[in-house]
């Protein structure tokens, strides 16, 4: 029972977004009708189009002869409801008209972006392969690095320590004396081996970028300023191209679409004069803040201060 209601509601929501019923009176279709609802007909073309517009998981619920019959029944329910709404005069409702205008605007934008962004941002197999070759380090499983660090509170002190280390000062000795990370300081700053995802991003990216024996920094994180020394590396296994091809295709496509979109928007800005009424915007924000009691502001909840970059 609940499953049937869920299917009906899902279909109705998707259909409502389209705002148009399957077939209007007097409209010519190239295929025979599948169902009639009053003066309106539902053709095979309508059924196929509507089914393709549903999410894959919903489409699977209507597979096979029985599923097709259930789907047509849902379309019939939708058309009955649509016709009943018209009969009651909801087409003249102000909220309905507003939503129709919003839908028109969104549809126009969708068509524009399809032509100006999606079609111009298509990627080839070569694009994906080139990305794979350029990012093999990120696609290697179980890559590990061993690093030591000296953590201090300010950048000036960190720079002085870095200069001392590069002139030959003992890294481990300085770590024991000056690092504010008590956990690793007693071991000369040694953090042991770690994989990606175990450290804060800024520290991790810097550590994996260094060669074995190399010292780098200062690297700023939420904990302070780090001087990093890589003391060991364990190379993992590169994931095979075919196993990540689909995922990389999505990633490369998304990046290219963003690049094309940003470029397109920059060109549009040259053609349109845009004015922002900052006084009105500030007043709107103040009014909203007063009504919500400042609930829209970010929480000032404090966080505990960890002892290391982990």
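Has segment 202-215 got at least one residue that is surrounded by 12 or more Cβ atoms within 10 Å (Cβ to Cβ) and outside the structural domain of residue 154 (by TED's automatic domain parsing)? For segment 202-215, residues surrounded by 12 or more Cβ atoms within 10 Å (Cβ to Cβ) and outside the structural domain of residue 154 (by TED's automatic domain parsing): absent.
Residues that are touching a residue at least 40 places away in the same chain (Cβ under 8 Å), closer than 12 Å to residue 229 by Cα and either within 36 Å of the chain's Cα centre (by Cα) or surrounded by 19 or more Cβ atoms within 10 Å (Cβ to Cβ) (or both) within segment 172-189 comprise just one, 189. Checked against the criterion of being at pLDDT 55 or above and over 37 Å from the mean Cα position of the chain (by Cα), the candidates 39, 31 yield just one match: 39.
Within segment 212-265, the set of residues being part of a helix (DSSP H, G or I), under 17 Å from residue 134 (Cα atoms) and touching a residue at least 40 places away in the same chain (Cβ under 8 Å) comprises 241, 244, 245, 248, 249, 251, 252, 253, 256. Residue 147 falls short on exactly one of the conditions (1) assigned to a helix (DSSP H, G or I); (2) modelled with pLDDT of 95 or more, and that condition is (1).
Residues that are touching a helix residue (DSSP H, G or I) at 6+ places or on another chain (Cβ under 9 Å) and not in a helix (DSSP H, G or I) within segment 150-167 comprise 150, 151, 152, listed in sequence order.
Search segment 87-124 for residues being in contact (Cβ under 8 Å) with a residue 40 or more places away in the chain and in a helix (DSSP H, G or I), and hand back the single one that is nearest to residue 243 (Cα to Cα).
At the first step, the residues of segment 87-124 found to be in contact (Cβ under 8 Å) with a residue 40 or more places away in the chain are 99-100, 103, 113, 116-118, 120-123.
With the extra rule that they be in a helix (DSSP H, G or I), the set shrinks to 99-100, 103, 113, 116-118.
Values: 99: 44, 100: 44, 103: 39, 113: 30, 116: 31, 117: 28, 118: 25 Å.
Residue satisfying both the conditions and the ranking: 118.
Just one of (1) touching a strand residue (DSSP E or B) at 6+ places or on another chain (Cβ under 8 Å); (2) assigned by TED's automatic domain parsing to the domain that holds residue 131 fails for residue 148. It is (2). How many of the residues making up segment 168-187 are closer than 16 Å to residue 217 by Cβ and not in a helix (DSSP H, G or I)? Residues that pass the stated criteria total 4.
Identify all residues within segment 259-281 that are over 30 Å from residue 122 (Cα atoms) and either exposed (fewer than 10 other Cβ atoms within 10 Å of the Cβ) or at pLDDT 90 or above (or both); write none if there are none.
As a first pass, look at segment 259-281 and keep what is over 30 Å from residue 122 (Cα atoms): 273-281.
Selection gives 273, 274, 275, 276, 277, 278, 279, 280.
Remark: residue 62 matches the filter, which requires a residue to be at negative phi, modelled with pLDDT under 95 and surrounded by 14 or more Cβ atoms within 10 Å (Cβ to Cβ).
The values are calculated or read from the model by the stated rules, or taken from the named source; none is laboratory data. Computed from a predicted model, the values in this text were never measured in an experiment. All Cβ positions, even for glycine, are placed from backbone atoms using ideal geometry, and neighbour counts span all protein chains on display.
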